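Accompanying notes for the structure given below.
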Amino acid sequence: MRDAADDYSLAALRDARELLAGVIESTPVAETRWLSGVVGTPVRLKCENLQRTGSFKIRGAYVRIARLNRAEQQRGVVAASAGNHAQGVALSSSLLGLRATVFMPESVAAPKEQATRAYGAEVHLGGVTVEEAITAATEFAERSGAVFVHPFDHPDIVAGQASVGLEILDQVPEVSTIVVPVGGGGLAAGVAEAVRAARPDVRVVGVQAERVAPYPPSLAVGRVSPVEPGHTMADGIAVARPGHVPFRSVRRGVDHVLTVSEAQLGQSLLLLLERTKLLVEPAGAAAVAALIARPEVFAGDRCVVPILSGGNIDPGVLLRVARHGMTSAGRYLSLRGRIADRPGEMARLLATLARLRLNLLDIAHERTASALDVNEVQVAVQVETRGLEHRHEILTGLLEAGYDFGEGRSRR
């Protein structure tokens, strides 16, 4: 494989960008007073969630496939992906008149699988992780002669993703820091190379889900080092081994790689939906999660541009993530405790909850638990609050009313 250092001159990156003209959208940059206030510096959102196919992935996929020679194109292409790269490869192949086969994990979100099929690709489901799908795809390539289009580990993929960075530099000339979600590293590498070629004064910060974060330890030892993957809602960046090609670019061009928790991802997705009306997938919210969790990293910046890298999210996943985010933000609260088993006690509890100005979602009571006294009932209550401060008011108000819904028991 070519040395990546030879592929990323400004002229070469502009050639890749020109190749994408008429194929991709030049996605908008959105102002956000809410996030600017949180971080304490101007923030502009680069909305790749509004890109064709719903993510940045079509940029690299199209450049890679368009640069195949005629003999390679006639053999067709094969790819592996949790969804976004799959759609990019499928649509790119369709536009170029090529045959495409895509391997996806069995857990892939249904809309991503359906969209990939709709773009004309033949889809095979198998395995649990993207790495297993990549293994299946490379074996298929060896058997069939199809060209394997890696989701991140190729110079043409990096060159295509660099177009995001070039767009940001054109759209936001005052930018001082670009924040990028990082999985295998293709997007981060591309943005880093664009910045290095055109605006070396701009800082690039990467963000990984802390449950699958191979870049910090790899950068620490100076070589690609895989990690044992954990489960994360951010399946779009759940890659346990950095790509060798993007790793070189990330190592020389990305200033920091931060990690964010599942709670921070869920809260950021929910806040983006509520405050900016932008729907993103969990991986697409990673950059915003880093700004909210670590605002001190961006203190003194002239302007920060987080990339919303994708918006392809299954409605069922969205519902679960929204619930998770609302729980983490203190917006959902589950209470469990004991009350006296006598007439009027349930009504008194409900009246207390009403005075505390909360929305009751569910309530259940049980008389048969072995740990209960003969004159007690166990009550489980789920409520919706207005946030962490209101949550504290509720717990305090219940204690003042004689209801201990902590680890103790109410004797009221």
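Using +1 on the beta carbon of Lys and Arg, -1 on that of Asp and Glu, and nothing else charged, what's the dipole of segment 106-161 about the Cα centre, debye to 20? Numbers along the way, then the final one.
Values: 3 positive and 9 negative charges, 45 e Å.
Roughly 220 debye, rounded to the nearest 20.
Please list, short to long, the whole-number percent of alpha-carbon pairs of segment 220-282 in consecutive 5 angstrom bins beginning at zero.
That works out to 4, 14, 20, 20, 17, 14, 8, 3, 0, in percent per bin.
Taking the Cα centre of the chain as the origin and placing charges on Cβ (Lys, Arg +1; Asp, Glu -1), which of Leu125, Phe140, Gly253 is farthest toward the positive end of the dipole?
Gly253
So, by mean Cβ neighbours within 10 angstrom, what's the order for 351-362, 84-95, 115-126 with the highest one leading? Present the calculation step by step, with values, prior to reporting the outcome.
Details: 351-362: 13.5, 84-95: 27.1, 115-126: 17.4.
Ranked from most to least packed, the peptides come out as 84-95, 115-126, 351-362.
Once you have the Kirkwood Rh of segment 138-257 from its Cα pairs, apply Stokes-Einstein at 25 °C and 0.890 mPa s and quote D in µm²/s.
Calculated translational D: 167 µm²/s.
Take the Cα atoms of the chain, find their three principal axes, and give me the spread along each one in whole Å, biggest first.
Projected onto the principal axes, the Cα atoms of the chain cover 83, 50, 40 Å.
Given the options Gly22, Gln114, Val43, identify the residue whose Cα lies farthest towards the positive end of the charge dipole of the chain (+1 on Cβ of Lys, Arg; -1 on Cβ of Asp, Glu).
It is Val43, whose Cα lies furthest towards the positive end.
In the P(r) worked out for segment 41-83, what percent of Cα pairs fall beyond 14 Å?
On the way: 567 of 903 pairs.
Pairs farther apart than 14 Å: 63 percent.
Roughly how big is the chain's charge dipole about its Cα centre, with Cβ charges of +1 (Lys, Arg) and -1 (Asp, Glu), in debye to the nearest 20? It would help to have the intermediate numbers written out before the result.
On the way: 45 positive and 45 negative charges, 94 e Å.
The calculation lands at about 460 debye.
Treat every Asp and Glu Cβ in segment 280-389 as -1 and every Lys and Arg Cβ as +1, leave all other atoms uncharged, and give the resulting dipole magnitude about the Cα centre to the nearest 20 debye.
Numbers: 13 positive and 12 negative charges, 50 e Å.
The dipole magnitude comes to about 240 debye.
5 Å is the cut-off here: which amide hydrogens, built 1.01 Å from N in the peptide plane, fall below it relative to Gly126, excluding neighbours closer than 5 in sequence?
Distant-sequence amide H within range of Gly126: Met104, Glu106.
What value, in deg cm²/dmol to 500, does the helix sum -39500 (n - 2.57) over DSSP H runs of n ≥ 4 give at 222 nm once divided by the residues of the chain?
Details: 16 runs with 173 residues, N = 412.
Taking each H run of at least 4 residues, the total per residue is -12500 deg cm²/dmol.
Please compute the net charge surrounding Pro226, taking Lys and Arg as +1 and Asp and Glu as -1 over other residues with Cβ under 15 Å from its Cβ. Intermediate results must be reported in sequence, preceding the final value.
Numbers: positive: Arg211, Arg223, Arg241; negative: Glu131, Glu132, Asp153, Glu228.
Within the 15 Å Cβ shell, the charges total -1.
Could you tell me the calculated FRET efficiency between Arg67 and Arg348, based on Cβ-Cβ distance and R0 = 56 angstrom, to the nearest 0.05?
On the way: r = 73 Å, r/R0 = 1.30.
In this case the efficiency is close to 0.15.
State, as an integer percentage, the relative contact order of the chain based on alpha-carbon contacts under 8 Å between residues 6 or more apart. It would help to have the intermediate numbers written out before the result.
Values: 888 pairs, mean separation 64.3, N = 412.
Across the chain, relative contact order equals 16 percent.
For segment 13-152, just list the percent of Cα-Cα distances falling in each 10 Å bin from zero outward, please.
Over segment 13-152, the share of Cα pairs per 10 Å bin runs 13, 38, 28, 14, 5, 1 percent.
Using a Cα-Cα cut-off of under 19 Å, which lysines could be cross-linked to Lys112, ignoring same-chain neighbours fewer than 8 residues away?
Within the straight-line limit of under 19 Å, Lys112 reaches these lysines: Lys57.
Enumerate the amide H contacts of Arg203 below 5 Å, restricted to partners 5 or more residues apart or on another chain; note that Pro and chain-start residues carry no placed amide H.
Thr177, Ile178
By the scheme Lys and Arg +1, Asp and Glu -1, what is the net charge of all other residues having a beta-carbon under 13 Å from that of Asp170?
On the way: positive: Arg14, Arg17, Arg44, Lys46, Arg199; negative: Glu167, Glu174.
With Lys, Arg at +1 and Asp, Glu at -1, the neighbours total +3.
Enumerate the amide H contacts of Val257 below 5 Å, restricted to partners 5 or more residues apart or on another chain; note that Pro and chain-start residues carry no placed amide H.
Gly206
At 0.36 nm per residue, and after removing the present C-alpha to C-alpha distance, how many nm does the segment from Glu228 to Ala11 gain when stretched out fully? Intermediate values should be presented prior to the final figure.
Working: separation 217, 0.36 × 217 = 78.12 nm, distance 3.88 nm.
Going from the current span to full extension adds 74.2 nm.
Can you give me the Kirkwood hydrodynamic radius for segment 242-314, using every pair of distinct Cα atoms, in Å to one decimal?
On the way: mean 1/r = 0.0744 Å⁻¹.
Across segment 242-314, the inverse of the average 1/r is 13.4 Å.
Relative contact order for segment 233-302 using alpha-carbon pairs under 8 Å, separation at least 6, rounded to a whole percent? Don't skip to the answer; put the middle values down first.
On the way: 46 pairs, mean separation 25.7, N = 70.
37 percent.
Normalising by the residue count of segment 187-237, find the relative contact order in percent from Cα pairs under 8 Å and 6+ residues apart. Before the final figure, lay out the partial values.
Values: 32 pairs, mean separation 15.3, N = 51.
So the answer I get is 30 percent.
Per residue of segment 52-60, what does 6.51 cos²θ - 1.76 cosθ + 1.60 with θ = phi - 60° give for ³J(HN,Hα)? Whole Hz please, x for Gly and Pro, Karplus curve as stated.
With the stated coefficients, segment 52-60 comes to 4, 6, x, 7, 5, 4, 5, 4, x Hz.
May I ask you to compute the full-extension gain from Leu360 to Leu388, defined as 0.36 nm times their residue separation minus their alpha-carbon distance, rounded to one decimal in nm? Write down the numbers at each step before the final one.
On the way: separation 28, 0.36 × 28 = 10.08 nm, distance 1.65 nm.
Using 0.36 nm per residue and subtracting the Cα-Cα distance, I get 8.4 nm.
Enter the mean projected area of the convex hull around the alpha-carbon atoms of segment 214-357, in nm², rounded to one decimal.
Projected area, direction-averaged: 13.2 nm².
I'd like to know which of Phe103, Gly88, Tyr62 lies farthest towards the positive end of the charge dipole of segment 58-126, counting +1 on Cβ of Lys and Arg and -1 on Cβ of Asp and Glu.
Most positive-ward Cα: Tyr62.
All of the numbers you see were taken from the coordinates with simple rules; none came from a lab. Because the structure is predicted, anything quoted here is derived from the model rather than measured. No Cβ is skipped: glycine too gets one built from the backbone with ideal geometry, and neighbour counts run over all protein chains shown.
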